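Trainee: Mind looking over this structure? Questions follow.
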Amino acid sequence: PYYFYDFQGKVNFNLNENHRLTLSGFYGDDKLNYELQPNNEDEEFQVNIDWLWGNRTTSLKWRWLMHPNLFSEVLLTRSKFKLDLNLDLVSTNAAALAILNGIRDYSVDADFNYFGLKGHGVKFGAKLSRLDFVYSFSIDRTQLFDYHTKPSLAAFYLQDQWQLSEKLSTKIGVRLENYSLGKRMTFSPRLGLKYQLLPNLALKGSVGLYHQFMTTAASDNQNFNFIDLWFPLTEQYRPLSAMHYVAGFEWWLPWDLILTNEFYYKSMNNLLELNENGDFADPNDDYFIGDGYAAGFETLLKKSVGRFSGWLGYSYAVTKRHINNITYYPKHDRRHNLNVVLNYDLGRDWKFGFVFTYGSGTPCTPVLGKYANYTWDFHYNEANYEIYNRIGAKNSVRYPAYHRMDVSIRKKFELLGVVNYPYLQIVNVYNRKNVLLYFWDHDANPSKSVSVPMFPLLPTIGIDFEF
């Protein structure tokens, strides 16, 4: 079975006309418990998955109007991410894996907006984050890896939105960051331009340098590559960097429609890939280092007002990496994405919602066959063997396309001064069996791949409150 829950809330406290506090929170978990049983008594192959992942976020924001031309926002945040996975494989090569990955983030943000200079909107601020990473990995209840570290990250930024003329504006900014592990300092300049070509058509472009101090580690093994584990960079590795180039337009159309389109190119350096055969005792052997790029375009047609509203979005994207002398598509490379979101006001406070999502298949590394590794047991005077996958070229095939349709209906009513929105939602209406991962059953003859699907048709109920 699969279940999830989400709870979110926000409360505003208006202390006076110059001060306002906002307390908000989000708490959600997803839980998947899946059992794949053998098709007949002659097969031993069996899969058991117990997988929990979730997020917790609590924040307090203080908004202060310090002067008619200056206001500030101070944000205190505490967040937690957790992934807890237990995976049991019962086959010729039985294995029980347990993975725990957790991140806690304690942050303070201070942002200031100043409008005292004619034609300028100046923003500046600082952020301090204390991170707490936990990761453990065990096989057959033997712990192979236990990792715990607490890096900190400090950042300062300055940005000026400058109206150069009636039609031309620019946004100039810079961000400085200091990372505690390795005492890394980064400098990230950014520039954006916007030109009002027509009253209802604006052209825009931007360029910027970005840095990242976390990376994901994923296995090429199809049994485990559906998991993304997050790690902070250690002092041995330089921050990941990317140069972004973006150009596009905004077009305001009749019937309250807005059409936006963006083309982008991103060059990436210091990309890291997990070295699965590395030496755990050698911190310089954890990752391979390489580079890559991403390019594509995104189109969005949106209608926000009226009885009929929603948006239609499409993106085309390609990304490649060159790491460890191999050029390949990373596992998140998805060529086509289509999203349709429609909302219709039925009247009498009833609303109908429709969502359709399509994504072309993402890459994975194929299993071409199997081979046996034989050893001789001198105690029992017999041969033992283990079956291993023979792996093909990295990420040279793709999963099937992902698509699903969701529908919902909600009703607004007021009770004791509280506005309520109870709703019914049906996720995956036509019960599409999107593939989560593949296992190879080598107990069968010939060997065969076994797919584990994502969630099936899933009715959900909920309620939103406003008070």
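Bear in mind that the values in this text are calculations on the coordinates, not laboratory data. What you are looking at is a predicted structure, and each value in this text was computed from that prediction instead of being measured. Cβ placement follows ideal geometry from the backbone for every residue including glycine, while neighbour counts extend to all protein chains displayed.
Trainee: Excluding the sites themselves, what is the longest stretch of the chain that contains no GluC sites (Glu not before Pro) in a DSSP loop with at most 15 other C-beta atoms within 10 Å?
Mentor: In the chain, the maximal stretch lacking such sites is 277-467.
Trainee: Okay, next question. Under the 0.36 nm per residue contour assumption, what length would be gained going from the current alpha-carbon distance of L201 and L21 to full extension?
Mentor: 61.0 nm
Trainee: Only residues of region 285-313 count here: report those whose backbone N is under 19 Å from the spot 7 Å along Cα→Cβ of M243, or say none.
Mentor: Only 290-296 pass the distance filter.
Trainee: Using 18 Å as the cut-off for backbone N distance, which residues of region 305-349 belong to the label zone defined by a point 7 Å from the Cα of K266 along Cα→Cβ?
Mentor: Within reach of a label on K266: 314-323, 328-338.
Trainee: List the residues, sorted by chain then number, that are 5 or more residues from V427 or on another chain and whose placed amide H is less than 5 Å from its amide H.
Mentor: L458, T460
Trainee: Pairs of Cα atoms under 8 Å, at least six residues apart: use those to get the relative contact order of region 384-445, whole percent.
Mentor: Averaging sequence separation for qualifying contacts and normalising by length gives 32 percent for region 384-445.
Trainee: Please list the radius of gyration and Dmax for region 370-415, considering alpha-carbon atoms only, with Å as the unit.
Mentor: When restricted to Cα atoms, region 370-415 yields Rg and Dmax of 26.9, 79 Å.
Trainee: Also, quick follow-up: Checking the table K204/K302; K127/K167; K412/K433 against a 27 Å threshold on Cα-Cα, which pairs fail?
Mentor: K127/K167; K412/K433, as the Cα separations exceed 27 Å there.
Trainee: By how many nm would the segment from L168 to H332 lengthen if fully extended, with 0.36 nm per residue of separation less the alpha-carbon distance?
Mentor: 55.4 nm
Trainee: If the only charges are +1 at each Lys and Arg Cβ and -1 at each Asp and Glu Cβ, what is the size of the charge dipole of region 256-325 around the Cα centre, to the nearest 20 debye?
Mentor: 820 debye
Trainee: Then there's this: Put +1 on the Cβ of every Lys and Arg and -1 on every Asp and Glu Cβ in region 330-467; which of G347, Y421, P459 then has its Cα farthest towards the positive end of the dipole?
Mentor: After comparing all options, I get G347.
Trainee: Excluding residues fewer than 8 places away in the same chain, name every one of the aspartates and glutamates whose C-alpha is closer than 14 Å to that of K118.
Mentor: D160, E166
Trainee: How do Y114, Y385 rank when sorted from fewest to most other Cβ atoms within 10 Å of their own Cβ?
Mentor: So the residues, fewest neighbours to most, are Y385, Y114.
Trainee: Can you tell which of A155, F133, Q196 lies farthest toward the positive end of the dipole of region 112-220, using +1 and -1 charges on the Cβ of basic and acidic side chains (Lys, Arg; Asp, Glu)?
Mentor: Farthest towards the positive pole: Q196.
Trainee: Still on this structure, please answer the following. Going Cα to Cα from K61, which aspartates and glutamates come in below 12 Å? Please leave out same-chain ones fewer than 8 positions away.
Mentor: Answer for K61, where 12 Å is the Cα cut-off: E73, D109, D111, listed by chain and number.
Trainee: For Cα pairs less than 8 Å apart in space and 6+ apart in sequence, what is the mean separation divided by the residue count of the chain, i.e. the relative contact order in percent?
Mentor: Relative CO of the chain lands at 7 percent.
Trainee: Once label points are set 7 Å from the Cα along Cα→Cβ at both F308 and W252, what is their separation, rounded to one decimal in nm?
Mentor: 2.3 nm
Trainee: Further, regarding this structure: Among all the lysines, which ones have a C-alpha under 18 Å from K370's C-alpha, if same-chain residues fewer than 8 places away are not counted?
Mentor: K394, K448
Trainee: Given a Förster distance of 30 Å, report the FRET efficiency between L193 and F71 from their Cβ-Cβ distance, rounded to the nearest 0.05.
Mentor: Details: r = 26 Å, r/R0 = 0.88.
E between L193 and F71, to the nearest 0.05, is 0.70.
Trainee: Additional query: Can you work out the FRET efficiency for the pair L117 and Y2, with r the C-beta to C-beta distance and R0 = 56 Å, to the nearest 0.05?
Mentor: 0.55
Trainee: Determine, from the Cβ-Cβ distance of K448 and N384 and an R0 of 30 Å, the FRET efficiency 1/(1 + (r/R0)^6), rounded to the nearest 0.05. Write down the numbers at each step before the final one.
Mentor: Values: r = 24 Å, r/R0 = 0.80.
My answer for the efficiency is 0.80.
Trainee: If I stretch the segment between F413 and S79 completely, what's the gain in nm (0.36 nm per residue apart, minus their alpha carbon distance), one decimal?
Mentor: Contour length minus the Cα-Cα distance gives 116.9 nm.
Trainee: Please report the relative contact order for region 140-200, taking Cα pairs under 8 Å with a sequence separation of at least 6, and give it as a percent rounded to a whole number.
Mentor: 29 percent
Trainee: Which value results when the Cα radius of gyration for the chain is divided by 2.2 N^0.38 Å?
Mentor: Relative to the rule-of-thumb radius for its length, the chain sits at 1.15.
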